[in-house]
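Notes to accompany the following structure.
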Amino acid sequence: VKRAGVRLRYRQSYRDKTAVEKIVDRTLAALLYGFEDNPLGITVEVGEQTPAASGNVRVPIQLKIPLFKLAILNHEAAGIFEGNLRLFVATRTPDGNGSPLRQVPVPIRIPRKQVLNAMGQFYLYTLTLELKPGAQQVAVAVRDEIAATTSYLSRAITVGTAAAAVTNP
């Protein structure tokens with residue numbers, strides 16, 4: 001720039017975010033803004049809530065994942081087919097308090113003799129959260145580690161009622 005008193009400033013370097021950093025960002029976007037993207041076709045149901053010793057409530061979040069949408073690899077030597085999922089979960093109350101984002105690895109192993117029947121089935125995974133009573137927002141990301149495909153889901157839940165109220169966006 002050839003003007004007196006003006007100085008050009010610019011970034012000296014750039015670092016791409018890793019896949020995990022991008023998933024964390026999108027999971028938090030789902031938590032804060034209700035963003036959803038579900039290429040894996042996952043459905044979410046809230047199970048029966050039970051009181052916890054700490055005064056909180058245990059809330060089972062049931063994920064129903066269609067196996068035919070997942071990448072499943074054949075390991076002939078072991079006689080099994082394997083898939084690999086990773087769950088990312090975060091919660092938030094309306095006043096902004098929330099939990100840190102947690103990751104849960106979920107290996108899937110299907111015996112060779114059952115693989116054809118299994119591909120028409122669903123993989124059921126229950127994630128039990130311990131939450132404070134009241135309104136909560138729950139965001140879940142499910143990543144198929146082999147296919148590098150991720151679904152992002154967000155649900156508003158009322159914790160501590162006899163029948164859990166779930167609001168789908």
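The values are calculated or read from the model by the stated rules, or taken from the named source; none is laboratory data. This is a predicted model, so every value here is computed, not measured. Because the Cβ atoms are built from the backbone with ideal geometry, glycine has one as well, and the counts that use them run over all protein chains shown. Ligands, DNA and RNA are excluded from the accessible area calculation, which covers all protein heavy atoms including side chains. Shrake-Rupley method; radii C 1.70, N 1.55, O 1.52, S 1.80 Å.
Laid out as a table, the results:
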{"read-out": "Of Ala90, Val106, Ala118, farthest towards positive along the dipole that unit charges on Lys, Arg, Asp, Glu beta carbons give the chain", "value": "Ala90"}
{"read-out": "Rg(Cα)/(2.2 N^0.38 Å) for the range 1-70, N = residue count", "value": "2.05"}
{"read-out": "Label corresponding to Cα extents along the principal axes in Å when calculated from the structure given, among (i) 60, 36, 29; (ii) 56, 34, 27; (iii) 76, 48, 27", "value": "(iii)"}
{"read-out": "Most to least accessible of Arg143, Arg112 (protein chains only, probe 1.4 Å)", "value": "Arg112, Arg143"}
{"read-out": "Solvent-accessible area of Ser13 with every protein chain in place, 1.4 Å probe, in Å² to the nearest 10", "value": "90 Å²"}
{"read-out": "Portion, in percent, of the accessible area of the range 1-108 that falls on carbon or sulfur, probe 1.4 Å", "value": "51 percent"}
